[in-house]
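Data first, discussion second: the structure below is written as C-alpha cells.
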Number of protein chains: 2
Amino acid sequence: MASGVRDPREIRSWDDEVDVLVVGLGAAGAAAALEASRAGAATLVLERAGGGGGTSAMSGGVLYLGGGTALQKACGFEDSAEEMFKYLMASSGLTPDEAKIRRYCEDSVEHYAWVVAQGIPFKSTFYHGCSGEPPTDDGLVWSGAENAHPFRDVARPAPRGHVPQMTFQTGPLLMQKLCAAVDASPARVETNHRCVALVQEPDGSIVGAVAESFGRTRSVRVRRGVVITTGGFILNDEMLAAHQPLAARCRLRVAADGDDGSGIRLGIAAGADTIHMDAASISLPVTQPWGLKRGVLVNAQGQRFINEDTYYGRLGERALFHHGGRAWLVVDDEIFEKPDYDFALAAVGETPGELEREMGLPPGSLEATLALYNRHAARGCDPVFHKQPEYVKPLVKPPFGAIGCSTDDALYAAFTLGGLRTDLDGRVLDPEGQPIAGLFAAGRASSGIAVGSYSSGLSLGDGTFFGRCAGRAAVRGR
Amino acid sequence: MASGVRDPREIRSWDDEVDVLVVGLGAAGAAAALEASRAGAATLVLERAGGGGGTSAMSGGVLYLGGGTALQKACGFEDSAEEMFKYLMASSGLTPDEAKIRRYCEDSVEHYAWVVAQGIPFKSTFYHGCSGEPPTDDGLVWSGAENAHPFRDVARPAPRGHVPQMTFQTGPLLMQKLCAAVDASPARVETNHRCVALVQEPDGSIVGAVAESFGRTRSVRVRRGVVITTGGFILNDEMLAAHQPLAARCRLRVAADGDDGSGIRLGIAAGADTIHMDAASISLPVTQPWGLKRGVLVNAQGQRFINEDTYYGRLGERALFHHGGRAWLVVDDEIFEKPDYDFALAAVGETPGELEREMGLPPGSLEATLALYNRHAARGCDPVFHKQPEYVKPLVKPPFGAIGCSTDDALYAAFTLGGLRTDLDGRVLDPEGQPIAGLFAAGRASSGIAVGSYSSGLSLGDGTFFGRCAGRAAVRGR
C-alpha cells in the first residue's frame, strides 16, 4: 500500500481514542489545539520532538497583522483591512488566494486580540529602521515592502510587524507562551511521538493515525479530525530537488528538525493535492542598516535587477531564483557602513573599473551600470527600478566596495511556502478540490497566503490564524 | 472518498477485463500498447477523443535521439551516448534525473531503430539553419542548444533532431504511423472513452479503472497494470495557477483537448507523488532565420539577459520566467530580415536613443546596453553572455528596430513538463519513493528527462522510450 496510509482493518486494537488529533506543536498546532480543546473536543497533540515549539520557536517571532489592531492604534498608525488586503493581493504572487487573504485581513484585528489573550506581551512602541525583528523590545515594526515600489502606489503603507516584547529573536517567547496556553488547556500533549501514517477508510476518510515513540508503535482512533501542522520541507533535500533546488543553496535553512515534509507526504499518500511547491521565502538581509539601501545590487553581468530599498525577502528571492544566487551590493566610501549580519567585502577599488576587475565582472559592465545609475541619481531619481528618492544618491566617492551577496558568501535564510492544498477551514483538498473527510492542515505543512513574495510575520500570522480555523473545523468533524 | 478513486467493493460487476490498460493514445500510449500487446498481454487502450494522436499529433514530430543513430551516421555526424549524456545532464535543470538520462542515451540508437520499425520514414539528409522542424523533408536537424554557450564547452555538439519524412509539422504523420502500428497489433483501442477513476484496493494497489463514454459508465478490471499516458496540464487554468501561472500568458498552448491534467490528478488521488510541477517548455521562435541571432534581446529595463544564439526554448524560458514575458529583439538595418513566424515591429528609430524612447524604456538604458555590446562586438566577442562570434557584430546601421518578443505581441508556445513521479520502468511512486502497485505512467502525464531547459524532440523522445519501458513493466504486473 502507499507508505504513510494504513487500512483500519489492519489495526487490531486502538491504543488511544480522541475527537481531534493535532500532529505537531508549533504555532499552527498550538492554535489548532487551543481552539479544538476549548470547544470541548477531546484533543491530543503529538509532537515528534522532546518539547513543543518547532520552527516557530526558532523564528523572529514577528506576526504580520493589521487592519487597525490595538497595537497599530496605540502607536499612532492608521490601517484598514482593505489597505492590508490590497497590499497582500499585490505582493503574494500572480495567483494570490483571494478568499484566504480576504478572511485573514478582515479578522486580523480580532486575531491580534486572541494572540494577546494567550498571554503574549506586546509593547506599544514603534521601531523604525529595520525590516522584521527589531534590536529593541518595541512591539511594532515594518516587516514588508509596503513602502517600496510598486506597492507604495498600490496600498497605503502601514507597519504590520507585531513583535512580542523581548529583545531580539522573540520566537522562543512566543512559543513558550503558546505552549503554556496549551498546557493550561484541556488538550493533552505527548512529545517524542512521530506520526508515521494516517488511517484511511476505503471511502477515503481519515479515521486515525499511527505514531512511533522510542520504537513503540501506537495507534490513535480519531472521531472527528486530524490536523496536520508539521511544518515545511526545507530540510528534505530530495523534496527540494524535486520542487525548488535553488533553495538548497541557502546557508541558513530556517527550520527545526521536523521540517522534512513528513506531514505533507502523509497527506499526499492519502490522496491530497499540493500547490506552490516551488515557493520559498528567501531572506537576504544585506540592507540592514537601511542606509545600505543606497547601494547598488548587481548580478554576475554587472546589471542591477531590483529596487534595493525593497524588503530583503524580495532581494533574496530575486537574487536566488532569477540570478542564480550570485550578487554584490556596490557601495562607495560615503554610504558604506558595517552590515548588521556577517558580511564579506568581496572587492575594493579606487574606480568603478578597478572594482569591476576585482569582482571579475565582464569588462565595462559595472562601469556602464554605475554611469547610468549615477546619471539619474544626480537628479535624485531611479527611472529603471524606481527606488525611493531618499535612498538614491550618486556613488562617486572612492574607494568603492562590493559586499558579497552570493549564496557562498552571504546569509541567505530559506524556508518553504508550498504544501497541502486547503480551504478556508483548513480542510485538505484532493486534486478535484473535494475535501478529504477528517483531514485538516495549517502552517507550513499547507500552502498559505504567502507565496510569490514574502513579508516577515506572514507564516506565524497565517499559521496561527488558519490553525485556529482548522481546529474549530476539526471539531465539527467529517 | 477521494474523487478519482473507487473501492473495488463498489463495483458490482466488471464490464471488461484485461491484463494491461493504457489510458490515452498519444505517442507514449501507442508505445506502451505496442510493447505490452506484443509481449502477449491482453491490452486495451482507452482514448477520450474520437481518435488517437493526442498532443503528439499536433507537435512538430521531432524526436530527440542520438548516440550515433543510423540517421546521424548516414548524414555524416559523429555522436556518442556519452556526449549526448553530458549535454542532457548539463541542460536539464539543476537536478537532472541521471538514471533516466543515462538509460535514454545508452538505448537511443536502439530506440531509433524501433521507431523506424514502426513504419516511420526518415530521409537520410541533414538540414542546417533551423532549431526543430525544418521547412523541408530532411530527416536530421539541430534541435537544442548544443552549439551555444555554455553547452558547446561541455559536450561535443551533434544534431539530434530526428524528423519523419514529410514537409513541415510531421507530428500528424508520426502519430498516423504509430496508431496504424497499434491497430495492426493485438491491442484493442476504444475511442471516446474518458477514464474518470482508478480502482484501488485498500492496500493501495490499482486493480482497474472506470471510464465514461457518451454518458455510460464502464468498469475495466486490470490484472497487471494501468499505464497513464494522458498528457500534461497546460489547458488546466486552475492547475497552472497553482504551479506555473506565467505559462498561462503564452499565446499558444501546445495541446490537444486532453491536456487538462486528468491523468495526473487520477494518480494524485491514488496517492502518487508529483515532481517539477512548475516546469514548462516555453518556445519563443524569434531567431528564425538564424541571422536574427545577431540581434540583441532586451528586457523592460533595456538589459540583455541571455546569449541570443541559444535554442529558442531557452529564450522563451528566460524571457517568461525571469523577465515577466516582456522583451524585444533589437536589430539594425543590416541584420534585419523578416522572422519566420508572425511578428510585430514594436518600434523603429534612427538612433538607439530614439528607439529607446519609442519602446518606452528607461532613459539611457538601451543606449548603455548597445554601447557596451557594440564595444565588444567590434572585436567580435561577447564577454557578457558569450554569444558565438559568428553571430556577434556591432548594431550601428540605422534605422534601428525592435521586434516585439513580449507575451502580448509574440508567439510563445507552451506545454508543461511536470507530472507523476516515476522510476525507470515507468512505475508511479508515492511520496516515500515506493511504487504504487499496478500503476504506471509515461509521456507528459509524468515528469520525464526534460525539466529546467528544453530541446525539441525530448517529449516525443522520452514519451515513446519510457512509454515502451512502462508497457513492458506493466506486463510483468504488480
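The values are calculated or read from the model by the stated rules, or taken from the named source; none is laboratory data. A quick note: this is a predicted structure, and the numbers were derived from the prediction, not measured. Counting neighbours? That spans all protein chains shown, and the Cβs are built from the backbone with ideal geometry, glycine included. Heads up: the accessible areas ignore ligands, DNA and RNA and are worked out on the full protein's heavy atoms, side chains in. Shrake-Rupley method; radii C 1.70, N 1.55, O 1.52, S 1.80 Å.
Quick look at the numbers
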item	result
Condition met for residue A:76 (at pLDDT 95 or above, within 21 Å of residue A:450 (Cβ to Cβ) and among the small types (Gly, Ala, Ser))	no
Residue B:143 crowded, with 17+ Cβ neighbours inside 10 Å and over 25 Å from residue B:31 (Cα atoms)	no
Subset tally (residues that are open to solvent by 30 Å² or more (accessible area, probe 1.4 Å) and either more than 9 Å from every other protein chain (Cβ to nearest Cβ) or hydrophobic (A, V, I, L, M, F, W, C) (or both)) for the range B:375-386	4
Among (1) out of contact with any Leu (no Cβ under 9 Å at 6 or more places or on another chain); (2) closer than 19 Å to residue A:112 by Cβ - the single one residue A:171 does not satisfy	(1)
Qualifying residue in the range B:133-140 (condition: under 18 Å from residue B:68 (Cα atoms) and part of a loop (DSSP other than H, G, I, E, B))	yes
The one condition in (1) within 13 Å of chain A (Cβ to nearest Cβ); (2) open to solvent by less than 10 Å² (accessible area, probe 1.4 Å); (3) touching a residue at least 40 places away in the same chain (Cβ under 8 Å) that residue B:426 fails to fulfil	(1)
Residues of the range A:398-424 satisfying the condition of being polar (S, T, N, Q) and closer than 30 Å to residue A:355 by Cα	A:406, A:407
For residue B:206: the one exception among (1) open to solvent by less than 10 Å² (accessible area, probe 1.4 Å); (2) within 14 Å of chain A (Cβ to nearest Cβ); (3) closer than 22 Å to residue B:459 by Cβ	(3)
Residue A:231 vs. criteria open to solvent by 10 Å² or more (accessible area, probe 1.4 Å), touching a strand residue (DSSP E or B) at 6+ places or on another chain (Cβ under 9 Å), more than 14 Å from chain B (Cβ to nearest Cβ) and on the phi > 0 side of the Ramachandran plot	yes
Candidate set from the range B:387-407 (those that are open to solvent by 20 Å² or more (accessible area, probe 1.4 Å) and under 21 Å from residue B:314 (Cβ atoms)); member that is nearest to the other protein chains (Cβ to nearest Cβ)	B:407
Meets criteria (at pLDDT 95 or above and open to solvent by 30 Å² or more (accessible area, probe 1.4 Å)) for residue B:237	yes
Any strands (runs of 3 or more DSSP E) falling wholly within the range B:266-354 and containing at least 2 residues that are within 29 Å of residue A:451 (Cα to Cα) and under 23 Å from the mean Cα position of the chain (by Cα)	B:280-283
Unmet requirement for residue B:444, which otherwise passes all of (1) assigned to a helix (DSSP H, G or I); (2) open to solvent by 40 Å² or more (accessible area, probe 1.4 Å)	(2)
Members of the range A:1-56 found to be away from chain B (no Cβ under 14 Å), among the hydroxyl-bearing types (Ser, Thr, Tyr) and either in a helix (DSSP H, G or I) or over 22 Å from residue A:117 (Cα atoms) (or both), listed by number	A:13, A:37, A:55, A:56
Residue match in the range B:68-80 (condition: assigned to a helix (DSSP H, G or I), under 30 Å from residue A:245 (Cα atoms) and over 20 Å from the mean Cα position of the chain (by Cα))	no
From the options B:364, B:360, B:353, residue that is surrounded by fewer than 17 Cβ atoms within 10 Å (Cβ to Cβ), touching a Leu at 6+ places or on another chain (Cβ under 9 Å) and within 14 Å of chain A (Cβ to nearest Cβ)	B:353
